[in-house]
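Q: A single structure is presented below for examination.
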Amino acid sequence: MKLKVLLGALVWTLLVSLAHLQLNIGWGELADSVREWFGRKRAVLEIGYLPVT
Amino acid sequence: MTTHSETGSVFQSRKFGDFAPIKESLISRRLNASFILAPLAMKLVEDGVPIRIVYLGHRDGTTLMVGKDSPIREFTDLRGKTVAIPNRFSNQSLLMHRMMKRWGMGPDSIKLIEVPPPEHPTALSAGSVDGYIVGEPFAALSEIKGFGRPLYYTKDMWPNFISCVLVVRKEMIDEERALVQELVDGIAKSGKWLDQGLEHRMDAAQIVGKHVNFQDPKLLEFVLSKPPDRVKYSNLAPLQADFEEIMDLAIEVGILKRRLAFEEYVDTSFVAPVERLDWGFDQLPRPTAAEVGK
């Protein structure tokens, strides 16, 4: 019984944590942070344009 | 829209309303890459700004417009009239000079005034100008609204006309070669996809109109289909012969002081055979609800 409660609490905590990460940070942002942590920052290039052909 | 490419690079577009602030941003390095007018790119290189033309944005796609009920029926009817051009350093300006020469008219026989492209249709409807020459969709806008009439398409005046080119600062070329290559390949693939059929063009009109340029998709559908060769997205490699002709005209008109060597202002090393490039999809990816809400 104790084991079941412990496992249930762990699964619940994990699910709530994942939901928090997705809703408040987002997987893309998180992946960028992890990438940056390992020194592999995304290359960014800004391109100017006029909405004309 | 997706915020990064398949390889993880982030390409962010930054919209401007005129070419002057783009020029300033390139000079001050607030921008490392941009689509700008071909003669303006040459002028910046002449002035010592370290940029290179690496690819074209499109071919043709410019129209000389006059009022719908105007008595102007051919080019010589523009003698003594006022015509708006996007910029002194534009190929549209050089085209007007080329046409004046071809029709035996003096260089001052048409008054050319600089007007930012988005304001061209308003200038015509207000009667400030008798005509205007500009890249689409601002030419088609007056046609759709019922007060403008195309006098000539560039495909009829100067086939394979070059208007905007992709320029990249030299530091980016030297330090971020792979990133620039990815951008050029992306433009080549997009051009190939657009010219594969009318249904692709209609799809692009919807996505670009609603989520990128914030223009009426119907206007873009019109531009991309009536006629379909009004603007072309193939053959976008910068060719020396095309630029030599622009250079000749720019020197003749006096916007460039000296002849630049092709290698001084163009870097062709990013041009890859377009046969090897393909997006591999039929319809453009749709933005998710969350991305639309951003």
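Q: Among the residues of segment B:112-145, count how many are in contact with a helix residue (DSSP H, G or I) (Cβ under 6 Å, 6 or more places away or on another chain) and charged (D, E, K, R).
A: 1
Q: Can you find, within segment B:231-278, the residue that is farthest from the chain's Cα centre (by Cα) among those that are among the hydroxyl-bearing types (Ser, Thr, Tyr) and under 23 Å from residue B:156 (Cβ atoms)?
A: Just the residues of segment B:231-278 that are among the hydroxyl-bearing types (Ser, Thr, Tyr), to begin with: B:233-234, B:265, B:268-269.
Among the residues that remain, those that are also under 23 Å from residue B:156 (Cβ atoms) are: B:233-234.
Working: B:233: 11, B:234: 14 Å.
Across segment B:231-278, the extreme among qualifying residues is B:234.
Q: From the list B:237, B:250, which residue is touching a residue at least 40 places away in the same chain (Cβ under 8 Å), in a loop (DSSP other than H, G, I, E, B) and of a type in the set (Gly, Ala, Ser)? Give the derivation first.
A: Values: B:250 fails: in a loop (DSSP other than H, G, I, E, B).
Selected residue: B:237, the only one of B:237, B:250 that is touching a residue at least 40 places away in the same chain (Cβ under 8 Å), in a loop (DSSP other than H, G, I, E, B) and of a type in the set (Gly, Ala, Ser).
Q: Which condition breaks for residue B:36 when tested against (1) at pLDDT below 95; (2) part of a strand (DSSP E or B); (3) of a type in the set (Val, Ile, Thr)?
A: The single condition residue B:36 does not satisfy is (1).
Q: If you check residue A:35 against the conditions, is it out of contact with any helix residue (DSSP H, G or I) (no Cβ under 7 Å at 6 or more places or on another chain), within 13 Å of chain B (Cβ to nearest Cβ), of a type in the set (Lys, Arg) and not in a loop (DSSP other than H, G, I, E, B)? Give the derivation first.
A: Details: out of contact with any helix residue (DSSP H, G or I) (no Cβ under 7 Å at 6 or more places or on another chain): yes; within 13 Å of chain B (Cβ to nearest Cβ): yes; of a type in the set (Lys, Arg): yes; not in a loop (DSSP other than H, G, I, E, B): yes.
Yes; evaluated as a whole, the condition is true for this residue.
Q: Farther than 29 Å from residue B:279 by Cβ, away from every other protein chain (no Cβ under 14 Å), among the small types (Gly, Ala, Ser) and assigned to a helix (DSSP H, G or I) - does that describe any residue in segment B:120-141?
A: Within segment B:120-141 (the criterion being farther than 29 Å from residue B:279 by Cβ, away from every other protein chain (no Cβ under 14 Å), among the small types (Gly, Ala, Ser) and assigned to a helix (DSSP H, G or I)), the answer is yes, since at least one residue qualifies.
Q: For the condition within 14 Å of chain A (Cβ to nearest Cβ) and either closer than 28 Å to residue A:43 by Cα or surrounded by fewer than 20 Cβ atoms within 10 Å (Cβ to Cβ) (or both), what is the one hit in B:196, B:206, B:181? I'd like the intermediate steps shown before the answer.
A: Numbers: B:196 fails: within 14 Å of chain A (Cβ to nearest Cβ); B:206 fails: within 14 Å of chain A (Cβ to nearest Cβ).
Going through B:196, B:206, B:181 in turn, just one is within 14 Å of chain A (Cβ to nearest Cβ) and either closer than 28 Å to residue A:43 by Cα or surrounded by fewer than 20 Cβ atoms within 10 Å (Cβ to Cβ) (or both): B:181.
Q: Going through B:212, B:208 one at a time, which residue ends up being closer than 20 Å to residue B:140 by Cβ and without any contact (Cβ under 8 Å) to a residue 60 or more places away in the chain? Break it down stepwise before answering.
A: Working: B:212 fails: without any contact (Cβ under 8 Å) to a residue 60 or more places away in the chain.
Being closer than 20 Å to residue B:140 by Cβ and without any contact (Cβ under 8 Å) to a residue 60 or more places away in the chain holds for just one of B:212, B:208, which is B:208.
Q: For residues in segment B:154-207 being over 30 Å from residue B:88 (Cα atoms) and in a loop (DSSP other than H, G, I, E, B), which is nearest to the chain's Cα centre (by Cα)?
A: B:195
Q: Is it true that residue B:48 is in a loop (DSSP other than H, G, I, E, B) and within 12 Å of chain A (Cβ to nearest Cβ)? Show your work before the answer.
A: Working: in a loop (DSSP other than H, G, I, E, B): yes; within 12 Å of chain A (Cβ to nearest Cβ): no.
No; evaluated as a whole, the condition is false for this residue.
The values are calculated or read from the model by the stated rules, or taken from the named source; none is laboratory data. Since the model is a prediction, treat every value here as computed from it, not as a measurement. No Cβ is skipped: glycine too gets one built from the backbone with ideal geometry, and neighbour counts run over all protein chains shown.
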